[in-house]
1. Given the options Ile158, Ile107, Ile217, which has the most mean-square fluctuation in a GNM of the chain, springs set between C-alpha atoms less than 10 angstrom apart?
2. Mind giving me the nanometre distance, one decimal, between the label points for Ala215 and Glu23, set 7 Å out from Cα along Cα→Cβ?
3. Figure the gain on full extension for Ala202 and Thr149 (residue separation times 0.36 nm, minus the Cα-Cα span) and round it to one decimal in nm.
4. With labels modelled as points extended 7 Å from the Cα through the Cβ direction, what inter-label distance (nm, one decimal) is found for Gln119 paired with Asp11?
5. Run the numbers on the chain and let me know its relative contact order in percent, using alpha-carbon pairs under 8 Å that are six or more apart.
6. Note down the nm distance, to one decimal, between modelled labels 7 Å out along Cα→Cβ at Thr53 and at Asp103.
7. For the range 114-231, what are the per-bin percents of Cα-Cα distances with bins 5 Å wide, up to the bin holding the maximum?
8. How high is the FRET efficiency between Phe179 and Tyr91 when r is their beta carbon distance and R₀ equals 22 Å, given to the nearest 0.05?
Amino acid sequence: MGYTEPVTFDDLVRRAVALVTGERRAVLGIVGPPAAGKTTLAEELVAAVAARTPPGWVAHVPMDGYHLADAELDRLGNRDRKGAPDTFDAYGYAALLRRLLDDSGEIVYAPGFERTIEQPVAGAIPVHPEARLIVSEGNYLLVDDDRWTRARPLLAEIWYADLDRGSRLERLIARHVRFGKPEPEAVAWATGTDEANAAVIAATRDRADLIVPAALIHTIGTPPDVRSSSS
């Protein structure tokens, strides 16, 4: 577990597609610290898989929709720790995965997360019956406590996005600024609350089925011809 092997983006696409055997659905988890590139990796992976498979065969369902709302965090006294493992509805996330794998033939609506307001949004992501592979990224898919371990058996594999700390912090601060935090506040949050959460996530790295290395993550979002020459 937790190994890195020589890998290209095309290797990741082939590995993701191979998780689906027969007609049964499979869920691929992508984990990593804040701003490690999980969402970009998931989006690029879904787009590449979609180009090789029948319409609707792959779906993207981030875990971020299970953030507790700010009103509930205020009630719990946890708003200054927003993003920590206990500030998500982890049981609800596991229930969603079970429902997706039950594959009842109906549309399943998953919650999304709107960064402009930093709040979850119910019923934002439809997963249609034809979906066979679901890609779901989140911070705590490998955390070893009762809230999160319920999700692990429901995930066919979990990959760890292993971006270097310097690049990750640079991306994270820029993201906080882009969504409205003054730069000093963005730096304080990224190096404080976010970094404490990053340490929790980093401790789970060796439990992953595959480590996606920083060198590959840095190429995500570049044109495929450039990416293949850099991988």
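1. For the chain, modelled as a Gaussian network with Cα springs under 10 Å, the answer is Ile107.
2. For the pair Ala215/Glu23, the computed spacing is 4.3 nm.
3. Working: separation 53, 0.36 × 53 = 19.08 nm, distance 1.64 nm.
Using 0.36 nm per residue and subtracting the Cα-Cα distance, I get 17.4 nm.
4. Here the answer is 4.4 nm between the modelled labels.
5. Numbers: 390 pairs, mean separation 79.0, N = 231.
The normalised contact order for the chain reaches 34 percent.
6. 1.1
7. Going out from 0 Å in 5 Å bins, the range 114-231 shows 2, 9, 13, 17, 19, 21, 14, 5, 1, 0 percent.
8. Computed FRET efficiency for Phe179 and Tyr91: 0.20.
We did not get these values from a lab; they are worked out from the coordinates using the rules stated. Owing to the predicted nature of the structure, the values given are computational and were not obtained by experimental measurement. Quick reminder, even Gly has a Cβ in these numbers, built from the backbone with ideal geometry, and neighbours come from all protein chains shown.
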